[in-house]
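The values are calculated or read from the model by the stated rules, or taken from the named source; none is laboratory data. Remember, it's a predicted structure, so these values are computed and weren't measured experimentally. Cβ sites come from the backbone with ideal geometry, for glycine too, and all protein chains shown count toward neighbours.
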Amino acid sequence: MNTQKFKKTFKKLRPYLTALFIGLVGYLVYESLSEVSWVEVKSALLKVSIPTVLVCSALALMNYFILSSYDYLGFRYLKISDINVKKIYPSAFISYAFNLNLGALVGGLGFRYRIYSGWGVDKSKIPLIMLFSTLSNWLGYTAIISFILFFRTKEIQDLISLPSWSIYLCGAFSLGVSLGYMALCLTRYELNIKKIHFKFPEFKLALTQLILSMAQWLIVSGIIFLLLQSFEASISYEQVLFTAMIASIAGVLTHVPAGLGVLEAVFLRMNFDISSSLILVALLSYRFVYYLLPLFIAIPSYLSLEYFQKKDNRSK
């Protein structure tokens with residue numbers, strides 16, 4: 001089968017494969033939740049301490065600052081100098097808050113088009129900003145997960161019961177992706193995909209992407225780890241980090257906004273030494289501090305931004 005036929009066949013099968021994957025996740029969610037004691041969930045929710053929630057909320061907002069920095073680096077990469085930091089960071093924060101809650105198409109691209117074009121950014125450059133941010137996000141992912149798979153193999157085996165050779169193979173692939181990206185940045189390789197032309201950034205900028213992205217993934221997993229630790233769960237940070245990263249990939253494959261149900265299904269299927277009810281409480285608390293809290297801030301912020309953009313445009 002040649003490449004063209006393969007693409008056509010895959011395009012036809014993709015909706016069915018996606019539906020099958022969503023159905024599988026739905027079944028796992030249903031099966032996992034059937035084991036949950038909802039009485040225990042209600043009782044445990046009342047025991048989540050306010051200091052823990054405040055610390056996790058601060059970490060979540062710190063993480064959104066890092067996410068917003070991806071857009072700032074994207075502006076630097078595209079050499080867009082007429083939009084200052086005071087406009088970029090609030091705009092990016094709003095976009096990410098809606099992106100994580102509503103999905104990439106509406107929140108990620110839709111809000112970026114609306115907000116950045118309102119600041120006078122060329123609409124042809126907005127998809128490149130999003131592409132740059134997406135690459136930044138997953139660059140740190142591949143670096144961290146390769147480290148976990150290589151150096152925490154035994155802990156991963158305790159969770160998913162896979163042979164060590166398959167874990168090392170996945171680790172090698174992930175490491176190859178991150179090293180490959182850095183190598184392409186060294187050579188300033190140019191990529192053309194349909195109408196999108198992308199030249200890989202300078203190595204120094206790519207290194208900044210890598211550091212920020214690694215920090216972002218470590219903080220996200222740290223929030224979940226702290227919430228689980230508040231119930232005195234005997235789980236290592238590396239196990240939580242690995243599980244959160246696997247759940248992120250599953251969320252992308254299902255296209256479910258905020259990975260709703262997917263995150264819970266993945267965590268509940270792992271061999272954690274803690275009850276399903278307490279895992280669910282920790283994840284519900286995580287959803288509040290990482291998804292809903294930023295969204296509550298983003299909604300009035302977006303309305304204020306719309307007002308100032310119109311005022312700014314009228315004064316010109």
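Restricting attention to the stretch 277-296, which residues are surrounded by 15 or more Cβ atoms within 10 Å (Cβ to Cβ) and under 15 Å from residue 98 (Cβ atoms)?
290, 291, 293, 294, 295
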Problem set entry | residue 293 touching a Cys at 6+ places or on another chain (Cβ under 9 Å) and under 30 Å from residue 86 (Cα atoms) | no
Exercise. Looking at the stretch 199-251, which of its residues are touching an Asp or Glu at 6+ places or on another chain (Cβ under 7 Å) and surrounded by fewer than 17 Cβ atoms within 10 Å (Cβ to Cβ)?
Worked result: 199, 234, 236
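Output yes when any residue across the stretch 108-119 is outside any helix (DSSP H, G or I), at positive phi, surrounded by fewer than 20 Cβ atoms within 10 Å (Cβ to Cβ) and not charged (D, E, K, R), and no when none is.
At the first step, the residues of the stretch 108-119 found to be outside any helix (DSSP H, G or I) are 119.
Applying the additional criterion that residues be at positive phi yields none.
Within the stretch 108-119, none of the residues are outside any helix (DSSP H, G or I), at positive phi, surrounded by fewer than 20 Cβ atoms within 10 Å (Cβ to Cβ) and not charged (D, E, K, R).
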Seminar exercise, completed: Expected output for the stretch 122-143 (first residue within 17 Å of residue 183 (Cβ to Cβ), partner at pLDDT below 90, Cβ below 9 Å, 6+ apart or cross-chain) is 135/198
Seminar exercise, completed: Those helices (runs of 4 or more DSSP H) completely within the stretch 1-93 that have 2 or more residues that are at pLDDT below 80 are 3-33, 38-45
For this session: Select, from 54, 73, 100, the only residue that is farther than 20 Å from residue 211 by Cα and surrounded by 19 or more Cβ atoms within 10 Å (Cβ to Cβ).
Result: 100
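Sort out which residues of the stretch 130-168 are part of a helix (DSSP H, G or I), more than 16 Å from the chain's Cα centre (by Cα) and either farther than 19 Å from residue 238 by Cβ or of a type in the set (Gly, Ala, Ser) (or both), and write them in order of number.
If we filter the stretch 130-168 for residues that are part of a helix (DSSP H, G or I), which is where we start, we get 130-151, 153-160, 164-168.
Next cut, more than 16 Å from the chain's Cα centre (by Cα) only: 146-151, 153-160, 164-168.
Passing the criteria: 146, 164, 165, 166.
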